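What follows draws every value from the coordinates through simple rules; no lab data is involved. Fair warning: this is a prediction, and the values are worked out from it, not measured in the lab. A quick note on method: Cβ atoms are made from the backbone with ideal geometry, for glycine too, and the neighbour counts reach across all protein chains shown.
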Amino acid sequence: MFHETFRGTFHLRPTGVFNVSPFAPSFVNADPGRPGVALVSISRLESLCETIAPRYAGRARFFSVREGYGAAVTALQAYVDAGSVDVVLAAGSNGAYLRDNLSVPVVMVKVNGFDVLSAITRATTTWPGAPIGLVLHETISHELADLGGWLNVSLKQRAYRSMDEVRVAVDNLAAEGCRVIIGPGMACDLAQQAGLESVFLYSLGAVEEAFERSVELARVSRQKESKRVRLNTIVAHLRDGVAAFDDAGQLEAVNPAMLDLLGLARDRDVPAQLAVTLGPWLRDTQERGAAVDERIEQIGERSLIVNRVPIVEQGARSGFVVTVQDALVAQRIDRSLRTSQRPKHLVARHRLDDLIGGSAALERVRRLARAGAAHDATVLLSGESGTGKELVAQGIHNASRRRGNPFVAFNCAALPEGLIESELFGHEEGAFTGARRGGKPGLFEIAHTGTIFLDEIGEMPAALQSRLLRVLQEREVMKLGSGRATPIDVRVIAATHRDLHALVERGAFRADLYFRLNLLQIELPPLRERRADIAPLARHLLSRSALQYGLSEPAIGRVLTFLAPLFDHYAWPGNVRELENLLARAAIYLGDAAGDRARDIGRDLQAVFPEFGRMKQGGNGRTLATASEAHAEPPAARAAPTRDDVIKALAQSGGNRAAASRALGIGRTTLWRLLKADGDDSRR
């Protein structure tokens, strides 16, 4: 083994152990691949350590520290801070002191019963009949006291917890006539100074076991430290703010981005600043006991997206992680993604749990929808416009075995009759004038292995009803201009706002197609029949749009309070779609960014919120529970819009169909359908 000297730092000894001076300058680990173990002993334990250390030279680097207690802490601290020492090996009260004063693990050399019995045997063999004194760390052994008579040994015991107590223990045992002292190295040294014989308590096997534990613990500690440094490096370079707290709310880690997003100074007391800013958020998370996702918080002039997640270890909560993202950055990323990658239209975004409300009518919808999702049977959804038929259709798809496969939605009233056939069934190249080169697959083919949702099925032209019936019966589709059918595996969900049974009786809808579609019918209730659901649904819709309209939690409450009378007394002819329309208007005029508009709303109340004027009388007759405290005598609840209402709204809006739809609280498809309704009836 080679020898090399480093002045003032350490020198390599033939045993492979480094001798560390307590006054050495800061040490940098020259071999970061191997963990470092400090061997701390102030007496005879050192020779055993030096005997064993070479066996582990390939697994760790060892440093021998010939100091104890406070001096050892001083000698080791610089090496611990530099990352050179991962674990300390020591014994007795010296090890207990280091364990309380160092930030790295301390492995104690443990004395077992065999070590004690072996030492007693050596003492009685070498000095037969001599009274023996045994010095143990922290506590004496009552079992040995009971065995003293059986072993025919005069044995007295003393315990120690500090260096001074070792000296007192040896003096007391000497005064009581003990001629042989068994104990740690210091006790043996003191016994020899007093003219007594001594036996070193620690065995080679006990020290070797401590080495094995130290080396393994040092290896694990080095790996954990490496992972911690790697994680801190990653987190430090994140654009999102990240802060970790223990369960008591004490800061454990924070990255620079968090301080920048919160506008906090890095040169001041960071934990105190974060306690003021994040304290309310942490208390809210502690009370909820669950994660809080994508909450919009306003910090100064900046809107932040905040996520708060509890840290659960072995089934118990051990802390919290708070992440913060700049809302403007999130918007820019979203715009970039939408520009570079068009969204997929064949994905069902909603689930049945997205149906907000706990009314009996809505629970019935969920129950029937889950039953339908368990099978591939065709489902017919009926209900007024705006009741959420497509949401239920997506929920059925996502609850079925077809989830993950395409979900294709098609509105049968959205295209002229000549284009519907091409869209649904596809066409070959040259099938008709303007046909796409190479042909085009139909929506039924695109939906293969998935679900096709046929909205407004009651508006499908009679000529196409026959083709649809054949697809449902034969499970194959034939493109326009093709003479060959293509097998398909598609689950069909249809929806309508019309009474298909009445249409069948009038001959406007094929009876065989009706019975093929109406295998499982689910009727969605209008809002006016489940008023208890309106307030929680409105809160959910506002919270979902909080970022879009810059709404804080107080602003959401203000909007809901303003609209509360409508929840109880308005007819809601447009159902959820009309509710979304109204909430958007209220968010604009009453939200955080409304400014003077919120204070001056009283003058334009009827123009901005005509629904209050259409609200039926309820309770004490008060119809306008607004900040302006305006009152009005409302007429009776208005029924669903008719064709005459549509014509009048178009005249008032100068023919603008979008404006007329908003004024009536209905969708443009519904407006178009009402316009042509009389023409269809007159032809029958």
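Between residue 55 and residue 648, the contour length at 0.36 nm per residue exceeds the Cα-Cα span by 203.7 nm.
Full extension of the chain between residue 233 and residue 354 gives 39.7 nm of extra length, using 0.36 nm per residue less the Cα-Cα distance. Put simply, when 414-423, 287-296, 185-194, 568-577 are sorted by average Cβ atoms within 10 angstrom per residue, most first, you get 568-577, 185-194, 414-423, 287-296.
Calculate the translational D of the stretch 241-337 in whole µm² s⁻¹ from Stokes-Einstein, where the hydrodynamic radius comes from the Kirkwood formula applied to all Cα pairs, the temperature is 4 °C and the viscosity 1.567 mPa s. Using the Kirkwood radius from Cα pairs, D works out to 93 µm²/s. For the pair residue 656 and residue 417, a Förster radius of 35 Å applied to the C-beta separation gives a FRET efficiency near 0.85, rounded to the nearest 0.05.
Note on residue 521 and residue 268: their simple-model spin labels are 6.8 nm apart, each label 7 Å out from Cα toward Cβ.
Ranked by how many other Cβ atoms sit within 10 Å of their own Cβ, fewest first, the residues 208, 176, 301 fall in the order 301, 176, 208.
Take the Cα of residue 449, step 7 Å toward its Cβ, do the same at residue 499, and the gap between the two points is 4.3 nm. Neighbour counts of C-beta atoms inside 10 Å place 47, 41, 141 in the sequence 47, 141, 41, starting with the fewest.
Here the spin labels are modelled as points 7 Å beyond Cα on the Cα-Cβ line, and at residue 328 and residue 110 they lie 6.0 nm apart.
When +1 charges are put on Lys and Arg Cβ atoms and -1 charges on Asp and Glu Cβ atoms, the dipole computed for the stretch 352-525 relative to its Cα centre reaches about 420 debye. Using a Förster distance of 45 angstrom, determine the FRET efficiency expected from the C-beta separation of residue 401 and residue 212, and round it to 0.05. For R0 = 45 Å, the calculated efficiency reads 0.25.
In terms of other Cβ atoms within 10 Å, 346, 362 run from fewest to most in the order 346, 362. Listed by chain and number, the aspartates and glutamates placed with their C-alpha closer than 12 angstrom to that of residue 389 are 455, 456, 523; residues fewer than eight positions away on the same chain are left out.
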